[in-house]
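The values are calculated or read from the model by the stated rules, or taken from the named source; none is laboratory data. As the structure is a prediction and not an experimental result, all values here were calculated from the model. Virtual Cβ from ideal backbone geometry, glycine too; neighbours counted across all protein chains shown. Note: areas computed on protein heavy atoms with side chains; ligands, DNA, RNA excluded. Shrake-Rupley method; radii C 1.70, N 1.55, O 1.52, S 1.80 Å.
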Amino acid sequence: MNRIYQTADGQLIFHDPGPGMIPFLSSMDPGFRVESVPPKNDFIPRFQKQRKPFIRSEKSFLELDLSDLDLDADHNTENGTMYSRLDVLHATGLRLLSDCRLCGHDCGVNRYRKQGLCGLGAKVHQTEPFVHIAEETVINSAIVVNLAGCAMRCCYCINPELLQPQSHPEIDPAAFWPKVAELRTLGVKANSLEFTNPTESIHGILALLFKAPQDFNLPVVMNSHLYGTEMFYRLANEITDVWLSDLRYGNDDCARRLSKVADYMKYARIGLDAMCGSDVRTIVRTLVLPGHVECCLKPALKLLAEYKANIRLSVLEQYVPEHEAHRDPDLRRRPTASEINEVKTLASKLGLRDVGVDNFDFWSNG
């Protein structure tokens with residue numbers, strides 16, 4: 001998915017640059033380097049801590065539910081099977097598909113029988129994992145796994161091919177982990193494993209992590225659209241080391257018109273409450289959409305200011321008109337320098353911490 005865009009003023013914008021682009025970037029800027037603020041070498045991902053057996057139960061695997069997470073050794077039976085917390089999460093994720101309410105559409109579809117509004121059934125689809133060298137420095141470089149299928153239908157989606165999940169291969173844990181190991185040998189140190197669109201496919205992520213090597217030690221990053229339900233966050237918070245979430249809008253009308261979702265602000269707040277109510281490190285991205293500073297970006301930043309003690313902000317200025325953006329009079333252009341500066345200035349005035357600057361202690365305490 002590597003692409004290079006050239007703007008009207010000659011500026012180059014790189015989409016999903018990988019290690020293969022380093023020679024080109026270095027030729028343009030001899031001082032170029034891949035910037036990174038990695039965790040300590042002894043970092044242990046949250047999901048690895050969930051793999052140890054913790055309870056014996058006579059329940060079958062698919063009978064497990066989140067209430068079992070609250071049990072302890074005093075509730076063990078003499079007979080039965082030993083389960084880990086990851087077992088409980090995995091089983092819950094699979095069972096939820098029969099009445100799916102993971103995203104804000106709340107469609108209640110049995111995804112074992114038909115597709116939900118996200119376009120997905122029970123199977124999980126992905127593009128080929130790749131190494132991204134230009135993510136936020138605290139997760140850079142990232143092994144990115146783009147999961148297909150999405151609850152949102154953004155008219156400016158830069159990866160619209162993901163909206164047709166059945167055109168992509170199903171995830172195969174047996175092939176996935178050797179591919180991840182291969183990507184870690186490319187000469188650029190990988191510092192995270194990032195899943196995009198996790199909301200609709202959390203059961204697939206759990207299935208992958210269930211098969212992960214015991215010595216895998218990269219932080220797991222959930223790159224989400226903030227249109228998930230409390231149930232999604234209840235599952236995902238248990239296995240997430242870093243939230244990387246997008247807050248795109250500041251009102252429901254723009255979200256409905258541009259992304260075909262209802263009650264966006266309600267679910268954005270549900271997500272922010274859930275992420276900031278956990279002890280998971282949280283980065284919130286806000287994309288500078290042209291023509292949407294007053295209606296979306298300013299109220300979005302004011303909302304984020306309510307959570308500023310628990311989040312770091314990443315202002316994205318690389319918007320390019322893609323997919324069906326040409327149909328919108330505002331979105332058919334790039335954001336202006338004035339719009340970008342206005343957003344950054346307000347973020348600073350509101351006391352929001354820029355993850356590109358305020359990151360020295362990001363990985364402290366764990």
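Below is a table of values for the structure above.
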| read-out | value |
| --- | --- |
| Qualifying residue in the stretch 148-161 (condition: touching a Pro at 6+ places or on another chain (Cβ under 7 Å), among the hydrophobic types (A, V, I, L, M, F, W, C) and either surrounded by fewer than 18 Cβ atoms within 10 Å (Cβ to Cβ) or at pLDDT 95 or above (or both)) | yes |
| Of all residues in the stretch 219-235 being open to solvent by 10 Å² or more (accessible area, probe 1.4 Å) and in a loop (DSSP other than H, G, I, E, B), the one that is farthest from Ile139 (Cα to Cα) | Thr229 |
| Test: residue in the stretch 41-53 that is modelled with pLDDT of 95 or more, of a type in the set (Lys, Arg), under 30 Å from Val315 (Cβ atoms) and open to solvent by 30 Å² or more (accessible area, probe 1.4 Å) | yes |
| Cross-chain or 6+ apart pairs with Cβ under 6 Å, the stretch 290-317 first and among the aromatic types (Phe, Trp, Tyr), then open to solvent by less than 10 Å² (accessible area, probe 1.4 Å) | Tyr307/Leu272 |
| Selected residue (only one of Ser224, Ser314 is farther than 27 Å from Gly116 by Cα, modelled with pLDDT of 95 or more and of a type in the set (Ser, Thr, Tyr)) | Ser314 |
| Unique residue being within 30 Å of Arg327 (Cβ to Cβ), modelled with pLDDT of 95 or more, assigned to a loop (DSSP other than H, G, I, E, B) and of a type in the set (A, V, I, L, M, F, W, C) when the list is Leu289, Leu304 | Leu289 |
| Residue in the stretch 348-364 that is at positive phi and open to solvent by 30 Å² or more (accessible area, probe 1.4 Å) present | yes |
| Considering residues of the stretch 162-185 that are in a helix (DSSP H, G or I) and open to solvent by 60 Å² or more (accessible area, probe 1.4 Å) only, the residue nearest to Gln115 (Cα to Cα) | Gln166 |
| The stretch 11-25: number of residues that are open to solvent by less than 40 Å² (accessible area, probe 1.4 Å) and of a type in the set (Gly, Ala, Ser) | 1 |
| Given (1) assigned to a loop (DSSP other than H, G, I, E, B); (2) open to solvent by less than 70 Å² (accessible area, probe 1.4 Å), index of the condition Ala8 fails | (2) |
| Looking only at the stretch 249-302, and only at residues there that are closer than 15 Å to Glu339 by Cα and small (Gly, Ala, Ser), the one that is nearest to the chain's Cα centre (by Cα) | Ala300 |
| Residue check for Glu342: part of a helix (DSSP H, G or I) and either in contact (Cβ under 8 Å) with a residue 12 or more places away in the chain or open to solvent by 60 Å² or more (accessible area, probe 1.4 Å) (or both) | yes |
| Restricting the stretch 236-277 to residues that are assigned to a helix (DSSP H, G or I) and aromatic (Phe, Trp, Tyr), the residue that is nearest to Asp328 (Cα to Cα) | Tyr264 |
| Selection within the stretch 122-157 - over 26 Å from Tyr267 (Cβ atoms) and touching a Ser or Thr at 6+ places or on another chain (Cβ under 9 Å) | Val131, His132, Ile133, Ala134, Thr137, Asn140, Ser141, Ile143 |
| Residues satisfying the stated conditions in the stretch 242-274, i.e. open to solvent by less than 10 Å² (accessible area, probe 1.4 Å) and either touching a helix residue (DSSP H, G or I) at 6+ places or on another chain (Cβ under 7 Å) or modelled with pLDDT under 95 (or both) | Trp243, Ser245, Leu247, Tyr249, Ala255, Val261, Tyr264, Gly271 |
| Within the stretch 26-39, considering residues that are surrounded by 10 or more Cβ atoms within 10 Å (Cβ to Cβ) and either hydroxyl-bearing (Ser, Thr, Tyr) or within 20 Å of Glu194 (Cα to Cα) (or both), the one farthest from the chain's Cα centre (by Cα) | Ser26 |
| Test result for Leu297, surrounded by 18 or more Cβ atoms within 10 Å (Cβ to Cβ), in a helix (DSSP H, G or I) and touching a Phe, Trp or Tyr at 6+ places or on another chain (Cβ under 8 Å) | no |
| Pairs where the first residue, in the stretch 1-24, is within 17 Å of Asn140 (Cβ to Cβ) and the second is open to solvent by 80 Å² or more (accessible area, probe 1.4 Å), C-beta under 6 Å, 6+ apart | Phe14/Ile4; Asp16/Asn2; Gly18/Asn2; Pro19/Leu186 |
| Count of the stretch 300-311 residues which are touching a Phe, Trp or Tyr at 6+ places or on another chain (Cβ under 7 Å) and open to solvent by 20 Å² or more (accessible area, probe 1.4 Å) | 0 |
| Residues of the stretch 192-207 classified as open to solvent by 10 Å² or more (accessible area, probe 1.4 Å) and part of a loop (DSSP other than H, G, I, E, B), total | 1 |
